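Undergrad: Can you keep this structure in mind? I'll have questions shortly.
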Amino acid sequence: MHDWDDIRFFLAIVQTGSVSAAAGKLKVNQSTVSRRINNFEKEMNVRLFERLSTGYQLTHEGMELQQRAIRMEEEMFAIERDIMGKNVALHGPIRLTTSLVMVDYLLMPILKAFTQQYPGIEVQLDLSDNNYNISQREADVALRVTRAPVPENLIGRELGAIELGVYAEKNYLRRYLKSKKGRVLHWVGEDNNNVRPDWLHQYTEPIQLLMRTNDVIATTAAVKNGLGVGRLPRLIGEAMPQLVRFEDTPILPNIPLWLLTHVDMRRVSRVKVFNAFLADKIKEAL
């Protein structure tokens, strides 16, 4: 083996299960991935994958190589982080992963102010609620609303809490409060709610589930269009003039907002500046 980059292509297929997905991960053409793997197998004189209709499956030899390749990749990432840790210049990219809600209702004015103050730093936004593997440099910084503990290899800073409330569209709530006989409260529920959610357990009027969603943006759209009441972050509910707080509900628990970075990235000057700026401005906003 004379090209260490072959390991990267090999692991991309192992991690994604197909040539097309590996090509997307590596940002190359599918033909490039196929050619690299075929040449790699010829040079090594071994078959690493079985080409099945359902995808690529490791052979016994491929599984043996997989463990060594993972260790090689981890060492390469460690070297990269160590080199980047010595970078003291306030220029270059920072990859931030967070949710659309955070960007839309909290972050964008803060990011605008940051780029004006530090024009040499390019902010690359990746909007996702997935837990990116920061140790593998898929992201430099993550902003997450979560109650889960911080992984051991990450530095976590709790910036505050996202307050929750139950909201309804003004006209919907007005019609509901005016009705007397057969009054039914419609609600939009998250996937993990029961038939009568815990945030309405003290409410005595009849309740009917009209829609179930797995996304806060979808819940917001349903509530805004008058389908019923829904649980929303207050930073959304208070930002929309057509929504009002539904008061006949118990106080909802807050959810912590965390800023996460890999332990090795804390020495990178632009990351340090970025994290400090975000922490200060978000605490002010919350």
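Undergrad: Among the numbered conditions (1) farther than 30 Å from Arg270 by Cβ; (2) modelled with pLDDT of 90 or more; (3) among the β-branched types (Val, Ile, Thr), tell me where Val195 comes up short.
TA: Just one mismatch for Val195, condition (2).
Undergrad: Can we say Thr54 is of a type in the set (S, T, N, Q) and surrounded by 13 or more Cβ atoms within 10 Å (Cβ to Cβ)? Write out each step before concluding.
TA: Working: of a type in the set (S, T, N, Q): yes; surrounded by 13 or more Cβ atoms within 10 Å (Cβ to Cβ): no.
When the stated conditions are applied, Thr54 does not pass them.
Undergrad: Looking at this structure, is Gly156 of a type outside the set (S, T, N, Q), assigned to a strand (DSSP E or B), modelled with pLDDT of 90 or more and surrounded by fewer than 18 Cβ atoms within 10 Å (Cβ to Cβ)?
TA: Details: of a type outside the set (S, T, N, Q): yes; assigned to a strand (DSSP E or B): yes; modelled with pLDDT of 90 or more: no; surrounded by fewer than 18 Cβ atoms within 10 Å (Cβ to Cβ): yes.
Judged against the criteria, Gly156 is not a match.
Undergrad: If you don't mind, there's one more thing I want to ask. Of all residues in segment 14-56 being of a type in the set (A, V, I, L, M, F, W, C), more than 15 Å from Ala69 (Cβ to Cβ) and assigned to a helix (DSSP H, G or I), which is farthest from the chain's Cα centre (by Cα)? Show your work before the answer.
TA: Taking segment 14-56 first, the residues of a type in the set (A, V, I, L, M, F, W, C) are 14, 19, 21-23, 26, 28, 33, 37, 40, 44, 46, 48-49, 52.
Pick out the ones that are also more than 15 Å from Ala69 (Cβ to Cβ) and you get 19, 21, 23, 28, 33, 52.
Within this subset, residues satisfying the condition of being assigned to a helix (DSSP H, G or I) are 19, 21, 23, 33.
On the way: Val19: 25, Ala21: 20, Ala23: 22, Val33: 28 Å.
The selected residue is Val33.
Undergrad: Among the residues that make up segment 241-249, is at least one of them over 23 Å from Glu138 (Cα atoms), touching a residue at least 60 places away in the same chain (Cβ under 8 Å) and under 21 Å from the mean Cα position of the chain (by Cα)? Write out each step before concluding.
TA: Quick first cut of segment 241-249, residues over 23 Å from Glu138 (Cα atoms) only: 241-249.
Then keep just the ones that are touching a residue at least 60 places away in the same chain (Cβ under 8 Å); that gives 242-246, 249.
Checking which are under 21 Å from the mean Cα position of the chain (by Cα) leaves us with none.
No, segment 241-249 contains no residue that is over 23 Å from Glu138 (Cα atoms), touching a residue at least 60 places away in the same chain (Cβ under 8 Å) and under 21 Å from the mean Cα position of the chain (by Cα).
Undergrad: Of all residues in segment 1-13, which are aromatic (Phe, Trp, Tyr) and not in a loop (DSSP other than H, G, I, E, B)?
TA: Passing the criteria: Phe9, Phe10.
The values are calculated or read from the model by the stated rules, or taken from the named source; none is laboratory data. Just so it is clear, the structure is predicted and the values come from calculations on it, not from any experiment. Cβ coordinates were reconstructed from backbone atoms using ideal geometry, including for glycine residues, and neighbour counts include every protein chain displayed.
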